[in-house]
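Let me begin by presenting the structure, written as structure tokens, before commenting on it.
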Amino acid sequence: MSSYSPETSAPRPADQDYQTTAQEQPGRTQDFVSLDDGGEFRYHASKVSLLEDFEYPAEAICILDRNGLSYGLIFDQEHRLALGCARGQIDFPWLRQSWLRAQKLRPQSYPLHRLPPASAVSLLNGMFEALQLEASPCPQPHSWTVRLAGSVQHLNSLAELDQALAEQEELEEVLVQDAFGHSYHPRRHQMHRFLAPAAGFISYEEGTRDQ
């Protein structure tokens, strides 16, 4: 049974919207963001990886491309999972609410906290970029830049960044920049007061510390 709240679920189109599968543009690998029935957002680098991450159509509440078009999953004529045609533009107020809700409920799963999106474009770009960075190495090698204690380091992934900062006693003067030019201040979260700080997790807050 789905654990995702039905009142925040994406509206479903009529059955006829599911009858044809989506086609990728020639010469371009299309990437996607999905929201599953457990309320989890995920980044998928291609349609192939998207379909590999699901088992049945109802498991995906919604699937988005970078243009804000919404898709659903279907079973094709051979009962294989496939991506249906675009249903139209996603409901952006619903998407914004769902994204912010997921970040609040699962801060350890979504450690990159951008400034609140001011438009539908900034919402989409921020979601795709953050989820891509959280899920995999940077689009370009050595794209994470860390400035600390008078030195500069270049790292390949968020996991490498977490490991480097876990060894730091203080994070107050540390500044981190991602592959897309956004700067963050790291913040350490302890899971329990009796555990060492390194046993917790680090979130990355865009903007100044007094915001």
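Before moving on, here are some points about what is shown:
- R0 of 30 Å, Cβ-Cβ distance Gln190-Gln89: FRET efficiency to nearest 0.05: 0.15
- Among 29-36, 174-181, the order from most to least packed when residues are scored by Cβ within 10 Å on average: 29-36, 174-181
- Close amide-amide hydrogen proximity is noted between Ser46 and Phe32, each under 5 Å apart and 5 or more residues distant or on a separate chain (H modeled in the peptide plane; Pro and chain starts excluded).
- Cα-projected label distance for Asp76 with Leu105, points at 7 Å along beta-carbon direction, nm: 3.3
- Sites matching trypsin sites (Lys or Arg not before Pro) across region 27-58 that sit in DSSP coil, with at most 11 neighbouring C-beta atoms within 10 Å: Arg28
- Each of Glu173, Glu78, Glu134 was scored by other Cβ atoms within 10 Å of its Cβ. Arranged with the fewest first, they read Glu78, Glu173, Glu134.
- Compared with the alpha-carbon gap, the fully stretched path from Ala118 to Tyr56 is longer by 18.9 nm at 0.36 nm per residue.
- Label sites at Phe180 and Ala164, each approximated as a point 7 angstrom past Cα along Cα to Cβ, lie 2.0 nm apart.
- Rounded to the nearest 20 debye, dipole of region 41-134 from Cβ charges on Lys, Arg, Asp, Glu: 460
- Going by neighbour counts of Cβ atoms within 10 Å, the residues Leu133, Leu112, Leu105 line up, fewest first, as Leu105, Leu112, Leu133.
A short reminder: the numbers here are calculations on the coordinates, not readings from a lab. Nothing here was measured: the structure is a model prediction, and the numbers come from that model. Neighbour counts are summed over all protein chains in view; Cβ atoms, including those assigned to glycine, are modelled from backbone coordinates with ideal geometry.
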